Amino acid sequence: MQSLSDIDWDNWRPVDLATLLFVVRDEQVLLIRKKRGLGAGKINGPGGRLEPGESPLDCAVRETEEELVTTPTSPVASGELQFQFVDGYSIHVHVFRAGDCDREPRETAEAIPIWARVDAVPYDEMWADDRIWLPLLLREEPFHGRFLFDDDLMVDHEMLPHPPRAAVPEPTVSKRTASERTASERAASGRERLATGRRGMSETPFDSSREQQR
Ligand code: 6OG
């Protein structure tokens, strides 16, 4: 697996579903120095993996409360990120944005809060993909990105032309082969399957020994 084109995105199933949430207020964005979990040591937004039966929005709010002891105000969906790692792990991240939070964020066992100016985001200390899509979130533009990582190294990336949206019924699609379908139809049906949130259904083998680190 060397590039995104090696991946069958129509049948891609993430091992994990997760969230990120960014409070943007007064030309500043609320970030965290993450103390544990996937990406420990890096700067990121608050967020984490969905619990069984939990919606992405509920997860984003819960994780922000757990990590920073503050509740985001009226979060809205901003974009989606699909990450494939070459070792077989994969994670689909729903990203939210909020205009405020109800009290000043506090350090916890999981995270240290950092308010960064929107024109001085510390990308050098963040995952490599962030500098591609976080500017879109800050400009309130929807986004949908796909990324291939080898550990911390971003091997390939692609921003799709259309933001994810609810899949529309495709009554005629089943009569055609996949190659006859348009790219947007294929993308929409893939998103529909992702929206069902089937966890642990990766097409590629997942090395569970790595899960400890994650
Ligand atoms: P926990 O281990 O905290 O859930 N995450 C990523 N975030 C960015 N910006 N880039 C990536 O590139 C990421 N991969 C994972 C999503 C994992 C958290 O880490 C985020 C979740 O908030 C590879 O339970």
Taking K and R as +1 and D and E as -1, what net charge do the other residues with C-beta under 13 Å from the C-beta of Asp156 add up to? -3
At a 10 Å Cβ-Cβ cut-off, how would you order Val69, Val29, fewest neighbours first? Val69, Val29
How do Ser90, Ser55 line up, fewest other C-beta atoms within 10 Å first? Ser55, Ser90
Quarter of the Cα convex hull surface for segment 1-128, i.e. its orientation-mean projected area (nm²): 8.5
Provide Thr108, Thr19 in ascending order of the number of other Cβ atoms located within 10 Å of each residue's Cβ, fewest first. Thr108, Thr19
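Bear in mind that the values in this text are calculations on the coordinates, not laboratory data. Being a predicted model, the structure only gives us computed values, none of them experimental. Neighbour counts are summed over all protein chains in view; Cβ atoms, including those assigned to glycine, are modelled from backbone coordinates with ideal geometry.
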